[in-house]
Amino acid sequence: MKYISTRGKVAPIGFIDMFLMGLGEDGGLIVPETIPTVGAEQLKAWSGLSFQELMLQVFSLYTNGEIPEEDLRKLVEDSYAGFTSPDVLPLTRIHDGLSVMELFHGPTFAFKDVALQFMGNLYAYVAKKRNEVINILGATSGDTGASAISSVRGKEGIQICILHPNGKVSRVQELQMTTVQDENVLNLSVNGNFDDCQQIIKELFADVPFKTKYHLRAINSINFVRILAQSVYYFYAYLQLPETARASGVNVSVPTGNFGNIFSGYLAKKMGVPIRQLVLATNENNILERFIREGVYKPEGFRSTHSPSMDIQIASNFERYLYYFCGENAAEVSARMERFKAEGQLTFDAEEVARIQRDLTAHSVGNEECLATIRKYDEQYGYLLDPHSACGVAAYERAGDKSEGAFVSLATAHPAKFDEAIRLIGIEQKFPERISELFDKPQRQVIVDNSKEEIAERLVDFYRVSQ
Ligand SMILES: *Cc1c(COP(=O)(O)O)cnc(C)c1O
């Protein structure tokens, strides 16, 4: 198995090189040359596997033996040892028609831990094995940063810098990032929004001499390893259904912003998981809904919502979907992305929209609807949703055909992480201890302007270069 770019100008590379490259050097996104498929028999044989065992199976299809099995097993086991649920990602029944898969039992209480705990360990493994300097650079709307920092803090051979939009992340997210005192962590708080942060990261990664000199490594969902790790929970969700229910397949409602969470589902479906509907749930930043419903991919005014981790306009992983939509034709993807750059939008004709709608359905959830959903599920089912998970559940409620297949909605964060929103509806919650203790710790961060040059200077001071 080799990896190539959606723009077609990266020579095929192996698994570890792909992991280290992050964004393609031609500006495209990295994808596998072919997606391995898992037949129905094989899938059946995997039922009953733990999440960790399933992950080992799925990754083995992608790693080309570059990581010996016993090493991979240890990486996987270490990565999920800090999850507080014995099932790692428990599936909780809400009512007959709906279960919620809780992806938030990791160290930072959000689903990003599922992929990033593994990636942190993988970076440390590669640093040691190849004697590589690893300087991680990432942008966050809140959860990615906390999770990435947690995954590599104090690890030998790794420096990590995370950009977050100043004042635009939740209090708990900010504390999770900035109360870490390890010397290998730098938090830059940028006067701008998440898209500004992401744009700077994209430009720094596109600057190949800079990237090469400082060995820049990505943690954002531009990294295919993150997508792959997330695809495993779609297998897990499906395989946890009672065997009688599996024949009808599973519908999944997915809170998404950067198109990462949902693209992982699309990948799982391509690999063979019988997913019927993939329901894309967004908040009021609804570029993806407009793309799916109207065939217009066009960023519009940014809105702050109760689900800040989904306050995103330009969705990094959109290009991966576009690649498969274009029949894996890299020249066509390049042409369309050039057009997007020049015109600020992409449009799709009626036949294309029909095709998109066979893959995905979409619902954007307004702020009021989000809060109303939290209230309703608390009152009727005694289940407290965080605002991101509530978008997923609200989209499930609005989804069309529910007659066939079980419905699973992905719960992407613990409600304590977004207490600001929960308090708006008068619900008081008890914080887990790992969150309440954050409030007493000193913070470390540097506030910077929305300037690529200023940020590059900070990085030059902070990162190590190899001898
Ligand atoms: C990151 C995040 C999302 C969206 O994930 P994408 O990778 O952007 O699709 C949803 N919910 C929470 C809580 C998140 O942290």
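The values are calculated or read from the model by the stated rules, or taken from the named source; none is laboratory data. These numbers were taken from a predicted model, which means no experiment stands behind them. Heads up, the Cβs are rebuilt from the backbone with ideal geometry, glycines too, and the neighbour counts pull from every protein chain shown.
What the table shows:
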| item | result |
| --- | --- |
| Extreme residue, farthest from the chain's Cα centre (by Cα), among residues of the stretch 302-316 that are at pLDDT 90 or above and near the ligand (Cβ under 10 Å from one of its atoms) | Ser307 |
| Any chance Leu43 is in a helix (DSSP H, G or I), of a type outside the set (S, T, N, Q) and modelled with pLDDT of 95 or more | yes |
| Val208 being within 16 Å of the ligand (Cβ to nearest atom), more than 22 Å from Leu122 (Cβ to Cβ) and of a type outside the set (Phe, Trp, Tyr) | no |
| Test: residue in the stretch 226-249 that is within 16 Å of the ligand (Cβ to nearest atom), among the polar types (S, T, N, Q) and either at pLDDT 95 or above or part of a helix (DSSP H, G or I) (or both) | yes |
| Count - residues of the stretch 22-41 that are out of contact with any Phe, Trp or Tyr (no Cβ under 8 Å at 6 or more places or on another chain) and free of Cβ contacts under 8 Å to residues at least 40 places away in the same chain | 4 |
| Options Gln443, Gln429: the member that is surrounded by fewer than 18 Cβ atoms within 10 Å (Cβ to Cβ) and touching an Asp or Glu at 6+ places or on another chain (Cβ under 7 Å) | Gln429 |
| Which listed residue, of Leu49, Leu61, is in contact (Cβ under 8 Å) with a residue 60 or more places away in the chain, more than 25 Å from Asn317 (Cα to Cα) and surrounded by fewer than 17 Cβ atoms within 10 Å (Cβ to Cβ) | Leu49 |
| Any chance Val88 is β-branched (Val, Ile, Thr) and in a strand (DSSP E or B) | no |
| Complete set of residues in the stretch 400-422 that are more than 16 Å from the ligand (Cβ to nearest atom) and either modelled with pLDDT of 95 or more or crowded, with 17+ Cβ neighbours inside 10 Å (or both) | Gly405, Ala406, Phe407 |
| Residue in the stretch 67-83 that is polar (S, T, N, Q), away from the ligand (no atom under 16 Å from the Cβ) and either touching a Pro at 6+ places or on another chain (Cβ under 8 Å) or not in a helix (DSSP H, G or I) (or both) present | no |
| Scan of the stretch 126-176 for residues that are in contact with a Phe, Trp or Tyr (Cβ under 9 Å, 6 or more places away or on another chain) and assigned to a helix (DSSP H, G or I), ordered by number | Val126, Asp143, Ala146, Ser147, Ser151, Val152, Arg171, Val172, Gln173, Leu175, Gln176 |
| Residue that is away from the ligand (no atom under 11 Å from the Cβ) and under 21 Å from Leu54 (Cβ atoms), where the choices are Val279, Val252, Val296 | Val252 |
| Filter pass, Ser85 being more than 23 Å from Val38 (Cα to Cα), of a type in the set (S, T, N, Q) and in contact (Cβ under 8 Å) with a residue 24 or more places away in the chain | no |
| Subset of the stretch 325-335 (residues that are surrounded by fewer than 18 Cβ atoms within 10 Å (Cβ to Cβ) and either modelled with pLDDT under 95 or not hydrophobic (A, V, I, L, M, F, W, C) (or both)) | Gly327, Glu328, Asn329, Glu332 |
| Asp96 being touching a helix residue (DSSP H, G or I) at 6+ places or on another chain (Cβ under 6 Å) and of a type in the set (D, E, K, R) | no |
| Count of the stretch 92-113 residues which are part of a strand (DSSP E or B) and away from the ligand (no atom under 14 Å from the Cβ) | 6 |
| Residues (out of contact with any strand residue (DSSP E or B) (no Cβ under 9 Å at 6 or more places or on another chain) and either of a type in the set (A, V, I, L, M) or more than 16 Å from the ligand (Cβ to nearest atom) (or both)) located in the stretch 362-388 | Gly366, Glu368, Glu369, Leu371, Ala372, Ile374, Arg375, Lys376, Asp378, Glu379, Gly382, Leu384 |
